[in-house]
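What follows is one structure encoded as C-alpha cells, with my remarks underneath.
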Amino acid sequence: MSFALNQFEELVKNNVLSEFVAITKETFLVLGVLSGKLPNFYSHNQTSEVAAEDMETWCWVHVGPMVDLAIKWTALRSNLYISKIFEWKNGNKGNSLIQYSTMSSLLWAISAALHMLSGVLDRVIPEDAISLPGGHLPWLPEFVPKIGLEIIKNGFLSFSMTNATEYGFDPVQGSSFVEYLCHLRHQGEHETSVASVCCLHGLVKVVVSVDKLIQLAKSEILTPSSQDLIMSREGLILSGGIVKSSILEFRSVITIFMKLISSEWQLMQSIEIFGRGGPAPGVGLGWGSVGGGFWSKNVLLAQTDVGLLIPLLEIFQNVSATDLHTGEEMTFTTQRINSAFGVCLIVGPSFGFIMDKALDTLLQVPVLKYFDFCIHHFISLNKGLKPFVWKYKEEDYQLFSKILASHFRNRWLTVKKKKQKAVDGSRGVGEKMSKKGGNLDTIHEDLDTSSMTSQDLCTSLSVEWAHQRLPLPMHWFLSPVSTINGSKQANLPSTSNIINPVEDLIDIIEVAKGGLFFLLGIEAMSSFVSTEIQSPIWSVPITWKLHCLSVILLVGMGVLEEEKSRDVYETLQELYGKLLDESWSSKSKEFLAETGENYSVEFLRFQSEIHESYSMFMETLVEQFAAISYGDEIYGRQVAIYLHRCVESSVRLAAWSALSNARVLELLPPLENCFAKAEGYLEPVEDNEKILEAYVKSWVSGALDRAATRGTVAFTLVLHHLTCFMFGYCNDDKLTLRNKLAKSLLRDYSRKQQHEV
C-alpha cells in the first residue's frame with residue numbers, strides 16, 4: 001500500500017485507482033477497530049512483546065508502520081494526485097480531473113486513516129492523568145507530534161483567517177481543506193457529503209487528541225533536542241495548541257453545522273406525523289414523507305452531522321465556559337445549547353453514546369449557571385414577572401446536574417424491560433387479548449437471544465428488529481416534571497410510569513425541582529434565540545407544557561412549599577399564560593361579526609394530544625387539590641386553567657364536574673389572579689350544551705354559594721356565560737336549551753324564596 005501510494009499515475013493508467021482506494025479504506029477501518037484493542041500506552045501492564053494468538057489485543061510494536069502509512073494519507077500536498085482535490089481553488093470545479101465518485105473514494109480513505117489515527121491516540125492518552133508525576137507525561141511517542149505537524153503543514157486548517165459569514169459556501173484561493181470539506185457538505189451529492197463530514201469528524205478527533213497529549217507532555221517538548229521544532233512556525237502552533245491557533249475556523253465550522261442541525265431536526269419531526277407505534281419501532285415509518293423515512297439518506301446525513309457536532313460542542317464548552325455573559329458569547333452559547341437539543345431529537349436512544357455526550361453538554365454546571373443568568377435577564381426584560389429575591393448556590397447547580405443527568409439517562413437511554421408474566425400464565429391487568437390472531441407482539445428492547453436455537457435466530461423478526469429505537473419525542477425534556485408515580489393513578493400511558501414504586505418521595509420532589517429550573521432556564525434562553533433559527537423548545541405545544549405543570553402537583557405540595565421552586569413554578573405559569581394569551585388573541589381574529597357565529601379557540605387539546613382518558617387525570621388532580629391544597633393560590637391557578645375557553649370542551653366539562661362534585665369551587669382564585677387574561681376565560685361566550693347544563697346544575701345544587709361569596713373564577717364564569725347565553729343573541733337551534741335552563745333557574749329561585757318565607 002505504501003508503494004502504491006506513490007504510484008498513483010500507474011493506478012490511474014490501469015484504471016484500478018478506485019479498487020486500490022477501496023482496499024485502503026477497508027484496511028484502515030480494520031486497523032481502527034484493532035486500535036481499540038491496544039492496551040493503554042502508559043499502562044503498567046503494557047509490554048512490547050507480541051501478544052499470544054489467543055489474546056484479542058494489538059501490540060504497540062506493530063503500530064508504528066501503520067501510523068506512518070496513515071500519516072502519508074494525510075500528506076495532501078506531497079502527493080500530486082491527492083492534491084488535485086484542491087483544484088476547486090483555481091475555479092475548475094466542473095472540469096476537475098477527479099470527479100465526485102473518485103473524490104468520494106479518496107475522502108473515505110482519508111477519513112478512515114484519520115479515524116484510525118484517532119483510535120491510536122486515544123490509547124496513548126493516560127487513563128488517569130491526575131496521578132501523573134508532576135502532572136505531565138514521562139515521555140511522548142514520536143508519532144504524536146509528527147501527526148500534529150502533518151496536519152499543520154498540509155493545509156488542513158487555516159491559522160490566520162477571519163470569521164467569514166459565507167464560510168464553506170464559496171471557498172477561495174488559500175482556504176483550508178476544512179473549508180473545502182464544508183463546501184462539499186453543501187454542494188456534493190449524498191455520498192460525497194457524508195464522506196466529507198466523516199473526514200471532518202476524524203480530523204477534529206485527531207486534533208483534539210494531539211492537543212491534549214502535547215499539553216500533558218509540555219515539559220518534554222521543551223527539551224534541547226526540540227529547540228529547532230519550537231522555533232519553527234509549525235512548532236509554535238503545535239506547542240500553543242492546534243485548536244487554539246485555529247479557533248476562528250473551528251467556530252465557523254460549528255456555526256455551519258449548528259444551522260444544519262436546526263433544519264435537520266425539523267425533518268425528523270415531519271416524519272413523526274406518520275406515527276410512532278407499531279410492532280417494529282421505526283420500520284416503515286415515514287415512507288410517504290418528503291425525503292423518506294427514518295432509514296433514508298437524508299436522515300443518515302443528519303445523523304452523520306450530529307456525530308461531528310458533538311466533538312465541536314465539547315471544544316467550545318471548554319473555550320467559552322469562562323465568559324458566558326458577554327453579548328456575543330451569550331448568543332453563541334445559546335446557539336450551541338439549542339443545537340444540543342436538536343442533536344437529541346435527531347439521534348435518540350439508538351445512538352446512546354452521542355446522546356449521552358449531548359446530555360453532558362446540556363447539564364454541566366456552567367450551562368446551568370448560564371440558564372440562571374438567562375432567567376434573571378428574561379425576568380428583568382418582562383416587567384410583569386416577579387423578580388427572585390434569592391439566588392442558587394454552587395451546591396444547587398451540582399445537585400441539579402447530578403439528579404437531572406441520572407433522570408434523563410434512566411428515562412431515555414436505559415433499556416425498557418418486558419414486564420414479567422403472572423405465574424399462572426394469565427394476562428396482566430390492562431392487557432387486552434386481540435381478537436385477531438395475526439398481529440405481531442411488540443418488540444422488547446431487552447430481547448435475550450442466548451436461549452434461541454439457530455433456526456429461531458434465522459427466522460425471528462424479533463431478533464432482526466430488536467434495539468431499533470425511535471428518536472425522542474419533541475417534548476422529551478419535560479420528563480422530570482411529567483413522569484411521576486401519580487401518573488399511574490391518572491391512568492396516563494404506561495410508558496410514563498417508570499419511577500420505581502419504592503423510590504423515596506423526597507427524591508421524586510428533588511427531580512421535579514431540578515426539572516422546573518431546567519424548564520424555566522431553557523424557556524428563558526430560547527427567548528434569546530435568533531428568529532432565523534427554529535428552537536426545539538418553542539416548538540413543543542403549550543398543551544404539553546401546561547400538562548407537565550399539573551402532573552408535578554400529584555406528588556403533593558412539596559414543590560410549592562419550598563420558596564425557590566414555588567417562585568420558579570409561578571414564573572412558568574406566567575410565561576405560559578402570556579403564550580396562551582397570544583394564541584387566543586390570534587384565534588379570536590377569526591370571529592365572524594356579520595353572522596354572529598362563535599369562533600373556535602379550543603387549541604388546548606389535552607384529551608386528543610396527551611391521552612384519551614384525560615378526564616380521569618382531571619378527577620385525580622381535583623382530588624389532590626381538594627385534599628391537600630387548602631386553597632393554595634398557585635395550585636388553584638393551575639386547576640383553573642382547565643376552565644379556559646382554549647381548552648377543549650370535553651376536558652373543561654370534566655374539570656368543572658370534578659370541582660363541583662368535590663364542592664371545592666370556592667377554593668379557586670379570583671379571575672384577576674389567574675395566569676391568563678380574563679378575556680380568555682370569558683370569550684367567546686359558552687355555547688356547549690353539556691357545559692351550560694353543568695353550570696346550571698352547580699348553581700341549583702348550591703355548589704356555587706361559597707364561590708359567589710368569595711368571588712372566585714368559578715362564579716364569575718358561570719355568571720358571565722349564563723347571562724350572555726340567556727340575554728344575548730341566540731340561534732334558533734339553541735332556543736330550546738335556553739328555555740330549559742331558564743326554567744331550571746326560575747324554579748330554583750322560587751324554591752329559595754319560599755324557603756326564606
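The values are calculated or read from the model by the stated rules, or taken from the named source; none is laboratory data. The structure displayed is predicted, hence computed values, not measured ones. Cβ: placed from backbone, ideal geometry, glycine included. Neighbour counts: every protein chain shown.
Here are some notes:
- Boolean, SER527 is of a type outside the set (A, V, I, L, M, F, W, C), at pLDDT 90 or above and either touching a helix residue (DSSP H, G or I) at 6+ places or on another chain (Cβ under 7 Å) or surrounded by 18 or more Cβ atoms within 10 Å (Cβ to Cβ) (or both): no
- Criterion (over 25 Å from LEU572 (Cβ atoms), of a type outside the set (Asp, Glu) and surrounded by 18 or more Cβ atoms within 10 Å (Cβ to Cβ)) met by exactly one of SER615, SER629, SER650: SER650
- Tallying residues that are within 17 Å of CYS374 (Cα to Cα) and of a type outside the set (A, V, I, L, M) within segment 537-552 yields 1.
- Restricted to segment 665-696, and to residues there that are small (Gly, Ala, Ser) and under 39 Å from the mean Cα position of the chain (by Cα), the residue that is nearest to THR716 (Cα to Cα) is ALA678.
- Extreme residue, nearest to LEU621 (Cα to Cα), among residues of segment 550-570 that are of a type outside the set (A, V, I, L, M) and under 23 Å from the mean Cα position of the chain (by Cα): SER550
- Restricting segment 614-633 to residues that are aromatic (Phe, Trp, Tyr) and assigned to a helix (DSSP H, G or I) leaves a set whose member that is nearest to GLY556 (Cα to Cα) is PHE625.
- Unmet requirement for PRO669, which otherwise passes all of (1) under 19 Å from GLN638 (Cα atoms); (2) part of a helix (DSSP H, G or I): (2)
- Sole residue being under 27 Å from MET330 (Cα atoms) and among the hydroxyl-bearing types (Ser, Thr, Tyr), chosen from SER527, SER550: SER527
- Condition check for LEU300: surrounded by 19 or more Cβ atoms within 10 Å (Cβ to Cβ), under 18 Å from the mean Cα position of the chain (by Cα) and modelled with pLDDT of 70 or more: no
- Within segment 49-59, one or more residues are in contact with a helix residue (DSSP H, G or I) (Cβ under 8 Å, 6 or more places away or on another chain) and either crowded, with 16+ Cβ neighbours inside 10 Å or modelled with pLDDT of 85 or more (or both).
- Residues in segment 1-22 that are in contact with an Asp or Glu (Cβ under 9 Å, 6 or more places away or on another chain), modelled with pLDDT under 70 and surrounded by 11 or more Cβ atoms within 10 Å (Cβ to Cβ): ALA4 only.
- Every condition in (1) farther than 19 Å from ARG652 by Cβ; (2) in contact with a Ser or Thr (Cβ under 7 Å, 6 or more places away or on another chain) holds for ASN673 except the one numbered (2).
- Yes/no for SER600 being assigned to a helix (DSSP H, G or I) and at pLDDT below 95: no
- Test result for GLY348, part of a helix (DSSP H, G or I), of a type outside the set (D, E, K, R) and either at positive phi or touching a strand residue (DSSP E or B) at 6+ places or on another chain (Cβ under 7 Å) (or both): yes
- Scanning segment 540-569 for residues that are at pLDDT 90 or above and not in a helix (DSSP H, G or I) yields a total of 4.
- Residues of segment 141-171 that are modelled with pLDDT of 70 or more and either of a type in the set (Val, Ile, Thr) or part of a loop (DSSP other than H, G, I, E, B) (or both): PRO141, GLU142, VAL144, ILE147, ILE151, ILE152, ASN154, GLY155, PHE156, LEU157, SER158, PHE159.
- Residue check for LYS89: assigned to a helix (DSSP H, G or I), modelled with pLDDT under 80 and surrounded by fewer than 16 Cβ atoms within 10 Å (Cβ to Cβ): yes
- Criterion: under 11 Å from GLY521 (Cα atoms) and among the hydrophobic types (A, V, I, L, M, F, W, C) - qualifying residue of PHE373, PHE388, PHE351: PHE373
- Subset of segment 727-754 that is surrounded by 14 or more Cβ atoms within 10 Å (Cβ to Cβ) and either touching a strand residue (DSSP E or B) at 6+ places or on another chain (Cβ under 9 Å) or not charged (D, E, K, R) (or both) - its residue that is modelled with the lowest pLDDT: CYS730
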